[in-house]
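Structure first, then comments.
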Amino acid sequence: VTPNQVFFDPGYVMVSGRRIQNWSNESYGAVTFTDIVKKSLNTGFAQVGLSLGAEKMMHYTRVFGFGERTGIDLPGEEEGILFNADDMRDSDIATTAIGQSIAVTPLQLVTAMAAIANGGTLMHPYIVREIRNPDGSVYEARAPREIRRVLEPTVDRTLIGLLEQVVASGGGKKAEVKGYRIAGKTGTAQKIRRETAGYLEGRYIASFCGFAPVEDPIFTVLVMIDDPRGGDFYGGQIAAPVASRIFTQLLRYAHVEPSSNTFAETTSETEKGRSDDEEKRMEAAATPPEGKAVVPDFTGLSLREAARLAELRGLTFESEGTGAAVSQSLSVNDIVDQGERVKVYFHPT
């Protein structure tokens with residue numbers, strides 16, 4: 001996946017009967033991967049996950065340290081819960097890609113984000129750097145210890161650029177601190193039912209995790225608000241402002257000078273608005289998940305138009321009747337295998 005790779009966001013997709021929709025309930029049409037990250041578009045992340053497949057996605061999830069203890073010098077650490085790639089259905093892949101169906105610890109989130117800040121190297125976390133005797137001599141000291149490289153430097157720089165855009169002009173904008181470059185990502189997780197499967201209605205954990213300053217990272221900050229009350233429950237709305245205040249104090253404490261090269265905010269195509277022709281060109285270039293097809297809405301199309309659209313989407317087309325399309329056998333926005341048969345029913349206008 002590249003930052004400028006185009007995907008189509010219909011507002012929601014159906015994967016193995018599971019509806020996945022954007023937090024805003026809006027559809028943004030043709031979007032780049034950069035837009036998906038900045039706006040936290042669940043439909044886009046689901047399609048990216050399906051493109052990667054279970055094995056590759058879970059491999060990188062584990063490489064970043066999820067699903068294993070960090071080994072920090074504190075008792076009671078949990079491993080978290082991840083899928084076995086061999087057991088995953090398409091719906092599991094899609095929900096994992098948007099951060100559901102798995103359980104991770106705050107410490108795992110921090111060490112993963114710190115790995116990005118550290119140029120793509122996962123580090124072993126520790127609480128105390130050194131213990132000194134009353135006379136000032138060092139009794140015990142710990143030095144930074146690498147666990148493994150998780151990203152190549154070029155890929156890491158690209159990812160940092162995406163995360164910086166989240167704060168500069170995306171869903172994490174309320175985490176910004178004037179004069180400083182901050183990178184990060186928002187999160188809004190539904191709370192799991194402890195007694196039975198599924199999620200608690202209207203119960204969330206809002207979060208923001210990021211690092212600063214981008215050009216020479218010193219601090220990684222994670223803010224999690226458990227079960228927020230009062231209306232807003234999105235990470236970008238209530239956790240990001242807290243992170244901003246924390247970063248402000250930390251940067252002042254460390255005497256970090258404001259950046260002389262602040263992030264140049266650019267307005268994406270989706271924010272500027274596109275002409276109809278531009279929208280059509282981007283939609284035509286949209287990348288479906290590998291081996292998959294997103295079922296379009298055939299309503300109102302002629303038989304020839306419907307057949308052409310089915311061919312473009314990689315679907316096997318069948319028809320019944322004449323005139324304009326009035327219904328179809330597959331649901332709109334369903335993500336199905338390439339070559340799946342779709343029957344479109346026509347009626348004279």
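At a glance:
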quantity: Of all residues making up the stretch 121-137, the number that are among the basic types (Lys, Arg) and part of a loop (DSSP other than H, G, I, E, B); calculated: 1
quantity: Count of residues meeting criterion [surrounded by 13 or more Cβ atoms within 10 Å (Cβ to Cβ) and more than 23 Å from the chain's Cα centre (by Cα)] in the stretch 72-95; calculated: 2
quantity: Matching residues, the stretch 23-44, being outside any strand (DSSP E or B), under 24 Å from Tyr60 (Cα atoms) and either touching a Pro at 6+ places or on another chain (Cβ under 9 Å) or of a type in the set (S, T, N, Q) (or both); calculated: Phe33, Thr34, Val37, Ser40, Asn42, Thr43
quantity: Residues of the stretch 161-198 satisfying the condition of being among the acidic types (Asp, Glu) and either farther than 12 Å from Gly210 by Cβ or modelled with pLDDT under 95 (or both); calculated: Glu195
quantity: Enumeration of residues in the stretch 1-18 that are loosely packed, with under 15 Cβ neighbours inside 10 Å and more than 15 Å from Ile93 (Cβ to Cβ); calculated: Thr2, Asn4
quantity: For Ala103: the one exception among (1) under 16 Å from the mean Cα position of the chain (by Cα); (2) at pLDDT 95 or above; calculated: (2)
quantity: Selection from the stretch 103-113 of residues that are buried (at least 19 other Cβ atoms within 10 Å of the Cβ) and either over 16 Å from Ala189 (Cβ atoms) or not small (Gly, Ala, Ser) (or both); calculated: Val104, Gln108, Leu109, Thr111, Met113
quantity: Filter result for Thr316 (modelled with pLDDT under 95 and either out of contact with any helix residue (DSSP H, G or I) (no Cβ under 6 Å at 6 or more places or on another chain) or under 30 Å from Ala168 (Cβ atoms) (or both)); calculated: no
quantity: When residues of the stretch 299-333 are limited to those that are aliphatic (A, V, I, L, M) and in a loop (DSSP other than H, G, I, E, B), the one surrounded by the fewest Cβ atoms within 10 Å (Cβ to Cβ); calculated: Val332
quantity: Close pairs from the stretch 72-87: first farther than 11 Å from Thr105 by Cβ, partner of a type outside the set (Lys, Arg), Cβ under 6 Å, at least 6 apart; calculated: Asp73/Tyr126; Asp73/Ile127; Leu82/Gly67; Leu82/Ile102; Phe83/Asp92; Ala85/Ala54; Ala85/Glu55; Ala85/Met58
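Each row is one residue, and each column tells you yes or no for (1) among the charged types (D, E, K, R); (2) free of Cβ contacts under 8 Å to residues at least 60 places away in the same chain; (3) not assigned by TED's automatic domain parsing to the domain that holds Leu330.
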{"site": "Arg19", "(1), (2), (3)": "yes, yes, yes"}
{"site": "Asn22", "(1), (2), (3)": "no, yes, yes"}
{"site": "Lys39", "(1), (2), (3)": "yes, no, yes"}
{"site": "Thr70", "(1), (2), (3)": "no, yes, yes"}
{"site": "Ser91", "(1), (2), (3)": "no, no, yes"}
{"site": "Ser101", "(1), (2), (3)": "no, yes, yes"}
{"site": "Leu107", "(1), (2), (3)": "no, yes, yes"}
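The values are calculated or read from the model by the stated rules, or taken from the named source; none is laboratory data. Because the structure is a prediction, the values reported are computed rather than measured. Positions of Cβ are generated from backbone atoms using ideal geometry, with glycine treated the same way; all protein chains shown enter the neighbour counts.
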